[in-house]
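The values are calculated or read from the model by the stated rules, or taken from the named source; none is laboratory data. Just so you know, these numbers come straight off a predicted model, no measurement behind them. Backbone-built Cβ (ideal geometry, glycine too); neighbour counts: all protein chains shown.
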Amino acid sequence: MATAAAHETARTQAYGTGDATDTTGTDAYETAFDAAVAADERIEPRDWMPDAYRSTLIRQIAQHAHSEIIGMQPEANWITRAPSLRRKAILMAKVQDEAGHGLYLYSAAETLGTSRDELLDKLHTGRQKYSSIFNYPTLTWADVGAIGWLVDGAAITNQVPLCRCSYGPYARAMVRICKEESFHQRQGYELLLALGRGTPEQHAMAQDAVDRWWWPSLMMFGPPDDESPHSAQSMAWKIKRHSNDELRQRFVDICVPQAESLGLTLPDPDLRWNEERGHHDFGVIDWAEFWDVLKGNGPCNEQRMTQRRRAHDEGAWVREAAAAYAAKHSGGRQTGETGETGATRA
Amino acid sequence: MTTPTTVPLTAALALGDDALVLSHRLGEWAGHAPVLEEEVALANIALDLLGQARVLLSMAGDEDELAYLREERAFRNLQLVEQPNGDFAHTIARQLYFSTYQHLLYAELAAGEGPFAPLAAKAVKETAYHRDHAEQWTLRLGDGTEAAHERMQRACAALWRFTGEMFRPVEGLDVDGERMESAWLASVGEVLGRATLTVPEGPRSGAWTAGAGRQGLHTEPFGRMLAEMQHLHRSHPGASW
């Protein structure tokens, strides 16, 4: 693989020899790692990496994976009530994509030496988090559109730069995820467009949803740059490529003309074009709400976690049966996988 | 190609409603599946079925009017597919029974030249996959742990009484019900046997299950399912979505 070869070259240059292990300690590895990152090369699973880089990535990828699977809940809430069969098919496919994203991401995290079970356990016991946006409720059908347009739109703004993240498996997973997310974003926009052009009741439903989702969507970019605890190091490692505030501004600038096309307003009286900056100015975000939801006091934190734990607990007997079957029929192979369908993992 | 006048409406509704209703039930699993791979798999089957339903209902009329504006008594689906998900074993048993039937049915329709042949040619490939998925899980639940075996045996027995209805004649559906039934019994029996499960002994039809769903007689949970499914659409008469 080209990137691995380049990393090897960087390592060799740093050591002055191809055989580093005999002659040097961590410093030489670190120099090679830094050189690879500086040269915009991908770090691959078998490459040496600093412990903190590894743990930062595990934390971030796990949080992303957890967000995908928790994020299924607010949208699945409307599958059984979708108002047309076409919309129902689109929504089911979308929720299915999210499960698929969870799968890629847990797999990417596994390349760093952790397991899906371990990460799920951390989610279920509150030691790892998911995106706070999913602690808001989907109260009407229009919320499905607002999530697609705003929440997926914000996620894409955050995630497109991750396709160039320094860690190879994560970057590659993100390429595929971003393609699907941009599809979801357009579907959400199109859903709102139909409501915006529909009956007065449908228009009001769309406006109400945008009013409720706009500010939480802006919070998705995380705290302001001067209060973001992990940002500087992640930027240096090229896990992160742009600051929270930069991405938030980019998102606002994208959304304003789109809202106009939808015939909907954004709930911010301070929102206006600033000729001098070449960007939209916008109002002050309620960071007290952000921290409060993050701490567990959002409208749905309890509900989301209860459903997740229940699904996991109620599914335990199924996973156990699959593992037992695999053990019986694998002729002594390891029991973590379940044979021909690959349908589950214990 | 068939013209609308040659489409047997009763048959299109019967098959379309089967697919629509089971797709809806499988959609209820979203966010509740026992393992992430099953979130993907169950949604996949639900989407295949919804695709089939949309083609079939469109042969009979407007898909949304038919799905959202008919009353319970006008639906022609089998009672089997409207049964609540229950635990994962019930969902798998229901799927094994139905997918085995649907696969046999579409194989036969695909081989013919009737109005359903084009749809069946595509759907038969999908149903082969659904059947395989249900079979693989039947094996794991039946021949995995003792607890799972008991659950699966119970689920197979509980749904057994809804399986006779599948082979009753449907107007406009040119298939050999008796031959399909014996093929179905052989296939399901073989899978249950390999899964160390016993074939249930009870009757496969009764006063309310002798083709009752096909005639618009349903079970109590179905009304609530429809109430949920139709509520939003009915709340905005004439609106487009």
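The residue list A:283, A:336, A:315 contains one member that is within 14 Å of another protein chain (Cβ to nearest Cβ), on the phi < 0 side of the Ramachandran plot and at pLDDT 95 or above, which is A:315. A single member of B:179, B:154, B:194 is of a type in the set (Lys, Arg) and closer than 21 Å to residue B:82 by Cβ, and it is B:154. Scanning the stretch A:262-288 for residues that are within 15 Å of residue A:192 (Cβ to Cβ) and touching a residue at least 60 places away in the same chain (Cβ under 8 Å) yields a total of 3. In summary, helices (runs of 4 or more DSSP H) completely within the stretch A:80-185 and bearing 1 or more residues that are surrounded by fewer than 20 Cβ atoms within 10 Å (Cβ to Cβ) and within 14 Å of chain B (Cβ to nearest Cβ) occur at A:85-110, A:116-124. Here the helices (runs of 4 or more DSSP H) wholly within the stretch B:34-118 that include at least 2 residues being over 26 Å from residue B:241 (Cβ atoms) and at the interface with chain A (Cβ under 10 Å from one of its Cβ atoms) are B:36-60, B:88-111.
If the condition is being within 16 Å of the chain's Cα centre (by Cα) and more than 30 Å from residue A:315 (Cβ to Cβ), then the stretch B:120-146 contributes B:120, B:124.
Here is a check on your reading of the model: is residue A:226 touching a residue at least 12 places away in the same chain (Cβ under 8 Å) and charged (D, E, K, R)? Taking the combined requirement at face value, the residue does not satisfy it.
Only a single criterion out of (1) closer than 21 Å to residue B:45 by Cα; (2) out of contact with any Asp or Glu (no Cβ under 6 Å at 6 or more places or on another chain) is not satisfied by residue B:81, namely (2). Looking across the stretch A:228-268, the residues that are acidic (Asp, Glu) and over 21 Å from the mean Cα position of the chain (by Cα) come down to A:253, A:260, A:268. Of the residues making up the stretch A:241-252, those that are of a type in the set (D, E, K, R) and within 11 Å of residue A:157 (Cα to Cα) are A:246, A:248, A:250.
Restricting the first member to the stretch B:23-43 and to residues that are over 16 Å from residue A:97 (Cβ atoms), and the second to residues that are of a type in the set (Lys, Arg) and assigned to a helix (DSSP H, G or I), the beta-carbon pairs closer than 7 Å and six or more apart or on different chains are B:34/A:319; B:35/A:319. Output yes when any residue across the stretch A:219-235 is out of contact with any helix residue (DSSP H, G or I) (no Cβ under 8 Å at 6 or more places or on another chain) and not in a helix (DSSP H, G or I), and no when none is. Taking every residue of the stretch A:219-235 in turn, at least one turns out to be out of contact with any helix residue (DSSP H, G or I) (no Cβ under 8 Å at 6 or more places or on another chain) and not in a helix (DSSP H, G or I). Does residue B:21 satisfy the criteria of being more than 10 Å from chain A (Cβ to nearest Cβ), at pLDDT 95 or above and closer than 28 Å to residue A:308 by Cα? Yes: the conditions hold for residue B:21. Considering every residue within the stretch B:133-144, establish whether at least one is more than 30 Å from residue B:9 (Cβ to Cβ), β-branched (Val, Ile, Thr) and in a helix (DSSP H, G or I). Yes: the stretch B:133-144 contains one or more residues that are more than 30 Å from residue B:9 (Cβ to Cβ), β-branched (Val, Ile, Thr) and in a helix (DSSP H, G or I). Candidates in the stretch A:186-204 are the residues that are farther than 24 Å from residue A:249 by Cβ and out of contact with any His (no Cβ under 9 Å at 6 or more places or on another chain); of these, the one that is nearest to the other protein chains (Cβ to nearest Cβ) is A:194. Taken over the stretch B:45-75, the criterion of being more than 24 Å from residue B:224 (Cα to Cα) and crowded, with 18+ Cβ neighbours inside 10 Å is satisfied by B:55, B:59, B:60. The residues of the stretch B:132-167 that are of a type in the set (D, E, K, R) and either over 19 Å from residue B:22 (Cα atoms) or surrounded by fewer than 19 Cβ atoms within 10 Å (Cβ to Cβ) (or both), listed by number, are B:132, B:140, B:143, B:146, B:150, B:151, B:154, B:161.
Give the residue that is surrounded by the most Cβ atoms within 10 Å (Cβ to Cβ), with candidates limited to residues of the stretch B:223-241 that are of a type in the set (Gly, Ala, Ser) and at the interface with chain A (Cβ under 7 Å from one of its Cβ atoms). Only one residue tops the list, namely B:239.
The condition of being modelled with pLDDT of 95 or more, touching a strand residue (DSSP E or B) at 6+ places or on another chain (Cβ under 9 Å) and loosely packed, with under 14 Cβ neighbours inside 10 Å holds for only one of A:270, A:253, that being A:270.
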